[in-house]
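Please read the structure below before turning to the comments.
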Amino acid sequence: MRKRIVAAEELARLVEKLADQIVAGDRAGDRLAFVGIKRRGEPLARRLARLLADRGRPGLPVGAIDITLYRDDLQLVAETPIVRGTEIGFDINGLTVVLVDDVIYTGRTTRAALSELLDFGRPAAIRLAVLVDRGNRELPVAPDFTGLVIETGPQDLVDICLSEIDGEDAVYLGRR
Amino acid sequence: MSSKAPARSLRHLLGIAELSDEDIAAIFSHAEMFKSVLGRPIPVVPALRGKTFVNLFFEASTRTASSFALAASRLSAQCLGFSLAASAVRKGETLLDTARNIEAMRVDGVIIRHSMAGAARFLSERLRAFVVNAGDGCHEHPTQALLDAFTLREKLGTLEGRRVLLVGDIAHSRVARSNILLFRRLGARVAVCGPPTLIPPRVEELGCEVFYRLDRVLYEVDVVNMLRVQNERIGAGAFPSVREYRALFGLTRERLARLARSAVVIHPGPVNWGVEMDYEVSDFPHALIMNQVTNGVAVRMAVLYLLAGGHADEDSPAPA
């Protein structure tokens with residue numbers, strides 16, 4: 001029992017909504033950059049950078065972060081997770097970095113990404129943009145920009161599909 | 001076993017012979033990733049916070065021991081040094097006793113160098129901690145082979161079809177053995193060259209050609225892997241003199257000038273300058289000796305991460 005709750009056109013609209021929020025939150029003098037959390041935050045960050053270009057902010061730098069080495073459960077998982085690697089090809093000092101993820105749940109991934117990002121330098125600010133907020137936070141973190149909020153429980157599975165990785169744009173809701 | 005983590009088949013690193021192709025690929029891809037970590041403003045990640053390893057070196061080493069210690073610290077793990085001179089080994093403690101005592105201190109991994117072939121395997125069969133072989137007698141030195149191959153791949157793209165020549169004491173070199181095994185696995189054409197007294201019998205069975213005259217093969221190869229002349233072999237009947245060794249098997253200034261234009265030179269260090277290589281090699285733009293040292297840290301980070309990541313299952317019995 002896995003049902004589609006967001007179709008492709010709707011997902012595109014949610015990303016547009018995020019871009020609009022980022023532009024609205026942008027203050028004069030902010031130097032923006034995007035860092036997507038792997039894997040699905042990375043294509044989302046690229047889409048947002050393209051949408052910002054359409055809104056008069058072309059050429060914003062985009063990086064990708066793999067938080068595996070900063071996970072707080074590395075000692076708990078039975079098998080060593082594969083690390084894909086972080087690619088931030090620009091100096092983040094003084095930038096306003098928009099951290100991008102497809103979904104926020106416990107907040108632990110965001111915490112890990114913040115720790116890793118701060119090892120690269122001292123950005124002027126870090127903002128968090130997520131396509132879907134499914135609640136159930138375990139740490140005190142909250143997104144600045146949100147596409148969609150859905151109510152879920154721990155038994156629910158939220159699958160976000162992006163064409164760059166999954167061949168389609170959609171959000172599915174299932175059960176464990 | 002999850003398909004997400006093929007590298008988890010790696011319980012210990014005893015030799016190249018025990019590694020699967022997936023293990024080797026995982027070590028290389030993680031080493032590449034860790035090399036980029038080493039280039040960050042803060043070249044430390046918290047991945048192995050709380051883990052403790054011990055460097056159990058029963059033979060002298062500077063670069064290997066410090067490379068492992070540095071790799072551990074870059075992963076936020078502790079690496080306890082163990083000095084042979086100050087240890088209870090001098091009071092007659094056996095290898096197993098030493099290891100058990102160290103394990104009783106709840107160490108997660110043991111990095112061992114020992115003059116006896118099989119020492120690492122001996123420990124791995126008796127300890128719950130993971131074991132990394134940092135050189136056992138004339139048997140294997142797998143992290144050296146891995147960092148050599150990683151360095152060559154970085155420079156040449158691939159080892160597939162490349163001609164690699166190992167020069168020197170093949171018979172007593174654990175580096176030679178591990179390197180031949182790994183280079184062959186990666187598709188290289190491997191040859192060895194040295195005095196007949198230092199070429200082991202049946203070395204062809206490892207899949208390599210044998211040459212006794214350096215000038216017959218040196219100028220055709222893509223990779224020259226020089227080996228250290230072990231001082232204790234000199235004058236012990238293996239070859240008459242340093243001068244003769246240098247004349248017949250040394251990478252001299254004259255030979256260096258005649259290498260193929262794209263040929264690269266590696267050496268596991270420490271180098272006996274003026275014996276197996278003239279000092280001019282250090283200025284040769286295709287000498288990768290310092291790249292080897294730099295990459296050694298990244299490769300050892302990969303090995304430690306893949307062995308120590310995840311949790312040791314407390315309920316699983318220690319292997320027999």
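Bear in mind these aren't lab numbers, they're just calculated from the coordinates by the rules spelled out. Note that this is a predicted model, so its numbers are computed, not measured. Note that we place each Cβ from the backbone using ideal geometry, even for glycine, and neighbour counts take in every protein chain shown.
The table that follows gives values for the structure above.
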{"read-out": "Expected 222 nm ellipticity per residue - DSSP helices of 4 or more, -39500 (n - 2.57), all of chain A, to 500", "value": "-8000 deg cm²/dmol"}
{"read-out": "Cut-off under 5 Å, modelled amide H: who pairs with A:Leu148 long-range", "value": "A:Val132, A:Asp133"}
{"read-out": "Mean Cβ count within 10 Å, highest first, over the residues of peptides B:47-57, A:5-15", "value": "B:47-57, A:5-15"}
{"read-out": "Ellipticity estimate at 222 nm from DSSP helix runs (n ≥ 4, -39,500 (n - 2.57)) divided over chain B, nearest 500", "value": "-10000 deg cm²/dmol"}
{"read-out": "Rounded to the nearest 20 debye, dipole of chain A from Cβ charges on Lys, Arg, Asp, Glu", "value": "160"}
{"read-out": "Ordering of B:302-309, B:204-211, A:18-25, A:95-102 by packing [mean C-beta count within 10 Å, highest first]", "value": "B:302-309, A:95-102, A:18-25, B:204-211"}
{"read-out": "Backbone HN-Hα couplings from phi across region A:152-166 [Karplus 6.51/-1.76/1.60, Hz, Gly and Pro as x]", "value": "9, x, x, 7, 7, 10, 10, 10, 9, 10, 10, 4, 4, 10, 9"}
{"read-out": "Mean separation of Cα contacts under 8 Å (6+ apart) over length of region A:3-175, as relative contact order %", "value": "25"}
{"read-out": "For chain B: relative contact order, % (alpha-carbon pairs under 8 angstrom, 6 or more apart)", "value": "20"}
{"read-out": "Most to least packed among B:150-161, B:169-180 [average Cβ atoms within 10 Å]", "value": "B:169-180, B:150-161"}
{"read-out": "Charge dipole (the protein assembly as shown, unit charges on Cβ, about Cα centre) - positive-most of B:Tyr219, A:Gly89, B:Met301", "value": "B:Tyr219"}
{"read-out": "Exercise: per-residue mean of other protein chain Cβ atoms within 10 Å, B:44-51", "value": "5"}
{"read-out": "Nonlocal amide H pairs with B:Val264, under 5 Å, H built at 1.01 Å", "value": "B:Val223, B:Val224"}
{"read-out": "Calculated from backbone phi, Karplus (6.51, -1.76, 1.60) coupling profile of region B:179-190 in Hz, x at Gly/Pro", "value": "5, 4, 4, 6, 4, 5, 4, 8, x, 7, 8, 10"}
{"read-out": "Dipole axis of chain A (+1 Lys, Arg; -1 Asp, Glu on Cβ), positive-most option in A:Ala170, A:Gly147, A:Leu117", "value": "A:Gly147"}
{"read-out": "Those trypsin sites (Lys or Arg not before Pro) in region B:190-259 that DSSP places in a loop and that have at most 12 other beta carbons within 10 Å", "value": "B:Arg202, B:Arg213, B:Arg258"}
{"read-out": "Dipole-positive endmost among A:Leu48, A:Ile160, A:Ile37 within region A:3-175 (Cβ charges, Cα centre)", "value": "A:Leu48"}
{"read-out": "Shielding by partners, peptide A:82-93 (average Cβ within 10 angstrom, other chains)", "value": "4"}
{"read-out": "Euclidean distance between Cα centres, region A:43-65 to region B:282-297, Å", "value": "39"}
{"read-out": "Residues whose placed amide H lies under 5 Å from that of B:Phe211, excluding near-sequence neighbours", "value": "B:Val192, B:Cys193, B:Gly194"}
{"read-out": "Between region A:148-172 and region B:125-191, the Cα center-to-center distance that results, in Å", "value": "45"}
